[in-house]
Structure formats: C-alpha cells, structure tokens
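Take a look at the structure set out below.
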Amino acid sequence: ASMAGDLVTAQAEADRALRIAGDSSVIVYGGIQRELIRLCTLEGDLVAALRHADGNSFALEGRVPRHVEPSAIIHGASVALLQGNVVDAAARAERALTATRLAPVQRVIVRCAGWVAVVSAMRGDLARARSLIAEAGRHIPLDGNLGLSGIVHLARVQLALREAGPVPPSVDLRLERVEGPARLLLPLLLARLAVLN
C-alpha cells in the first residue's frame with residue numbers, strides 16, 4: 001500500500017501490525033515503529049511521527065538489547081529536526097550517542113556521531129562537529145560505504161557551509177542508498193544545501 005502511494009491504508013495496516021506484535025517481539029515492534037514514523041512523515045504529520053519515535057507509550061528501555069535503543073532515539077532526532085526544533089534534535093542525538101557508547105556497535109556509533117555532527121554544525125559548534133566526524137572515520141572506513149557514511153557526508157557539507165569553506169565533492173546521495181533515519185531528513189538537507197549554494 002505504501003509503494004502504491006496509499007498512505008492511509010499503509011498506516012492502518014502498520015497500526016494493526018503494531019497491535020499484533022505487542023509484547024511478543026520488541027524487534028518486530030521496532031521495525032513497525034520505524035515504518036509508522038516514515039508514513040507519518042510522508043503524510044506531513046510530524047506530531048504523530050514524533051509520538052511513534054518516542055515509543056507511543058511503549059518503553060523500549062530494558063526490553064531490547066541496549067544497542068537497539070539508539071536507533072529509536074535517533075529517529076526522534078530526525079523528526080525533531082524536520083519540525084525545526086534544533087534544540088530538541090540536539091538533545092535526542094546526544095542521548096543516542098551516549099546510549100550507543102554504553103553498548104558500542106561501530107555502525108551505530110558512526111550513525112549517531114554523524115547525526116550529532118550535523119546538528120552541532122547547524123548550531124555553530126564547529127569544534128564538536130569536526131571531532132565527531134573524525135571519530136566516525138576512526139571506527140569504520142567511510143569511503144565507498146555511502147549507506148553508512150551518508151549522514152557523515154552531510155555533516156561535512158554542513159560544516160563547510162558554516163566555515164565558509166569549500167564544499168566537499170558531491171556524492172550520489174539518493175534515498176535508496178542511504179540507511180536509517182537519514183532517509184527522512186535527506187531531502188530537506190539537500191534542498192537546504194541547494195539554496196545555500
């Protein structure tokens with residue numbers, strides 16, 4: 001239904017799936033939760049998207065492996081940024097980075113560090129943005145891994161814009177090649193880059 005553009009039916013089916021999943025599988029619940037965030041975002045209902053990102057009264061803490069929690073938190077950061085609430089987005093991104101450092105998984109650390117770097121550059125904290133971009137690069141080689149490095153590349157671009165320096169060479173940033181919550185924010189960031197350039 002989603003692929004056919006019928007977002008109403010898609011959301012109804014996702015809501016039904018969420019009720020069926022319930023407490024039976026938090027991993028399945030998390031996957032449906034992310035789909036609902038995406039559908040609500042596509043519909044322009046960012047309040048509902050943020051409610052789903054916050055678990056919609058379903059507490060993940062202590063119910064999923066610790067490395068899973070940052071994914072839900074960083075989805076909330078992306079929705080907050082779409083709402084224009086950079087302060088809330090920064091707080092959520094920092095919380096996700098702290099959570100993933102407590103249960104380190106390199107790919108998740110790279111994503112969370114990239115998100116905090118983007119928001120830090122937007123807020124003018126350029127030293128923090130540079131530090132996090134360097135940290136991401138130390139964990140996993142980012143060249144040739146666009147799915148993982150897309151958010152880090154956008155952080156580099158945002159940093160360059162704030163420093164009035166040369167913008168890094170563009171890469172082929174398409175939705176199908178970017179993973180995770182960066183898919184929600186990519187069109188907005190690329191549009192912002194086009195305006196600033």
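The values are calculated or read from the model by the stated rules, or taken from the named source; none is laboratory data. As the structure is a prediction and not an experimental result, all values here were calculated from the model. Positions of Cβ are backbone-derived with ideal geometry, glycine not excepted, and every protein chain shown enters the neighbour counts. Ligands, DNA and RNA are stripped out before the accessible areas are found, and what is left, the full protein with its side chains, is counted by its heavy atoms. Shrake-Rupley method; radii C 1.70, N 1.55, O 1.52, S 1.80 Å.
Of all the criteria given as (1) at pLDDT 90 or above; (2) of a type outside the set (K, R); (3) closer than 15 Å to L154 by Cβ, the one not satisfied by G124 is (3). Would it be correct to say that G180 is open to solvent by less than 60 Å² (accessible area, probe 1.4 Å), farther than 21 Å from I37 by Cα and modelled with pLDDT under 80? No. Answer yes or no: is there a residue in region 100-107 that is of a type in the set (S, T, N, Q), loosely packed, with under 15 Cβ neighbours inside 10 Å and at pLDDT below 90. Yes, some residue in region 100-107 is of a type in the set (S, T, N, Q), loosely packed, with under 15 Cβ neighbours inside 10 Å and at pLDDT below 90. None of R111, R95 is under 11 Å from the mean Cα position of the chain (by Cα), assigned to a helix (DSSP H, G or I) and modelled with pLDDT of 85 or more except R111. Look at (1) touching a residue at least 24 places away in the same chain (Cβ under 8 Å); (2) farther than 14 Å from L81 by Cβ and you find that A155 fails only one, number (2).
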